[in-house]
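Enquirer: What follows is a single structure, and I will ask about it in a moment.
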Amino acid sequence: MRVASFDIVFQEIPGEVTLALNLSNCPCHCPGCHSPHLAEDIGEPLTEELMDGLLARYGSMITCVAFMGGDAEPEEVIRWANYCKGERLKVKGERLKTAWYSGRMMMPKDEKAFDYVKLGPYIEHLGGLKSEKTNQRLYKRVGEEWVDITSSFWRKNL
């Protein structure tokens with residue numbers, strides 16, 4: 001699994017300061033994708049050294065790590081989500097939240113690895129999460145349940 005880029009973001013996961021890792025080698029090839037370059041096998045391999053460096057650099061600023069893509073290697077995304085949670089506990093004694101933006105239609109096998117999961121391929125005429133017509137859904141774990149929080153992206157009419 002490779003990291004093509006990363007950034008600190010505030011809109012991908014509502015209420016969280018998120019380290020977003022853009023993973024390459026996406027198998028989805030959604031027409032109209034906003035990041036078509038992520039279909040290529042580009043970037044730096046995701047290693048413990050890279051992840052530890054990112055968590056050391058940004059750990060005090062972030063509340064969540066989001067894996068943007070990774071559909072070609074779901075087991076690896078799950079492994080890295082669990083790794084992030086464990087590393088934060090070792091360093092700060094608190095749990096780091098994790099998220100996965102996936103083009104898949106179903107929850108991952110080890111759904112407990114995540115606090116948030118975005119499901120659904122991008123369909124251009126339906127738009128992304130900010131569109132009320134979108135097929136995509138963002139779910140938040142609340143206890144043992146998954147709650148659809150997609151509407152938190154929609155502008156409210158005043």
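Enquirer: With only Lys, Arg, Asp and Glu charged, each at its Cβ (+1 for the first two, -1 for the last two), find how big the charge dipole of the chain is about the Cα centre; round to the nearest 20 debye.
Expert: Computed about the Cα centre, the dipole is about 620 debye.
Enquirer: With a 1.4 Å probe and all protein chains left in place, how much of the accessible area of the stretch 22-82 comes from carbon and sulfur atoms, in whole percent? Let's see the in-between values first.
Expert: On the way: 1650 of 3080 Å².
Reported share for carbon and sulfur atoms: 54 percent.
Enquirer: Would you please put 7-20, 58-71 in order of how densely packed they are, using the mean number of other Cβ atoms within 10 angstrom per residue and starting with the highest?
Expert: On the way: 7-20: 16.6, 58-71: 20.5.
Descending mean neighbour count gives 58-71, 7-20.
Enquirer: Can you give the relative contact order of the chain as a percent, counting alpha carbon pairs under 8 Å and 6+ residues apart?
Expert: Values: 301 pairs, mean separation 28.3, N = 158.
Worked out over the chain, it gives 18 percent.
Enquirer: Then there's this: Taking a probe of 1.4 Å, how large is the accessible area per residue of the stretch 57-137, in Å²? Mind dumping the intermediate values first?
Expert: Working: 3990 Å² over 81 residues.
Computed with neighbouring chains in place, this is 49 Å² per residue.
The values are calculated or read from the model by the stated rules, or taken from the named source; none is laboratory data. Since the model is a prediction, treat every value here as computed from it, not as a measurement. All Cβ positions, even for glycine, are placed from backbone atoms using ideal geometry, and neighbour counts span all protein chains on display. These area figures cover heavy atoms from the full protein model, side chains too; ligands, DNA and RNA do not enter into them. Shrake-Rupley method; radii C 1.70, N 1.55, O 1.52, S 1.80 Å.
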